[in-house]
Amino acid sequence: MRGDLRLVPQAIDIARRTYSTLRQNLFWAFLFNLLGIPLAALGLLSPVVAGAAMAFSSVCVVSNALWLSRWRPQGPAKEPER
């Protein structure tokens, strides 16, 4: 956090990317639960497979979120003149 207004476009860019990643993660988590819970409740999915799928789902969500750590600003911000 800095007081330089030239960094606002970068802040907006990372905010949009974060929101997009959040939506992707929620989509996949809901899809997994929408399919996995009924199958497990009906006995069509073994507990071992369900546990492995839940772990895989968590790893995918965390991996997707970690892509944000690779974000870099588009262009170098200029240093303020003194």
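Name the single residue, out of those in the stretch 43-64 being free of Cβ contacts under 8 Å to residues at least 24 places away in the same chain and within 29 Å of Q74 (Cα to Cα), that is farthest from the chain's Cα centre (by Cα). It comes out as V59. All of (1) at pLDDT 90 or above; (2) of a type in the set (A, V, I, L, M, F, W, C); (3) not in a helix (DSSP H, G or I) hold for L22 with one exception: (3).
Examine the stretch 29-42 for a residue that is in a loop (DSSP other than H, G, I, E, B) and either of a type in the set (A, V, I, L, M, F, W, C) or more than 17 Å from the chain's Cα centre (by Cα) (or both), and state whether such a residue exists. Yes, the stretch 29-42 contains a residue that is in a loop (DSSP other than H, G, I, E, B) and either of a type in the set (A, V, I, L, M, F, W, C) or more than 17 Å from the chain's Cα centre (by Cα) (or both). Figure legend. Inter-residue proximity from the stretch 3-16: first residues closer than 13 Å to R72 by Cα, second residues at pLDDT below 90 and aliphatic (A, V, I, L, M), beta-carbon distance below 7 Å, spacing 6+ or different chains. Indicated pairs: L7/A77.
Scanning the stretch 43-58 for residues that are polar (S, T, N, Q) and either touching a strand residue (DSSP E or B) at 6+ places or on another chain (Cβ under 7 Å) or outside any helix (DSSP H, G or I) (or both) yields a single hit, S46. Of the residues making up the stretch 16-37, those that are among the basic types (K, R) and either touching a Phe, Trp or Tyr at 6+ places or on another chain (Cβ under 9 Å) or surrounded by 13 or more Cβ atoms within 10 Å (Cβ to Cβ) (or both) number 1.
Within the stretch 1-15, being surrounded by 10 or more Cβ atoms within 10 Å (Cβ to Cβ), in a helix (DSSP H, G or I) and over 22 Å from the mean Cα position of the chain (by Cα) holds for R6, L7. Among all positions in the stretch 28-42, there is at least one residue which is touching a Ser or Thr at 6+ places or on another chain (Cβ under 6 Å) and at pLDDT below 90.
The values are calculated or read from the model by the stated rules, or taken from the named source; none is laboratory data. The model shown is predicted, which means the values in this text are computed figures rather than measured ones. Neighbour counts are summed over all protein chains in view; Cβ atoms, including those assigned to glycine, are modelled from backbone coordinates with ideal geometry.
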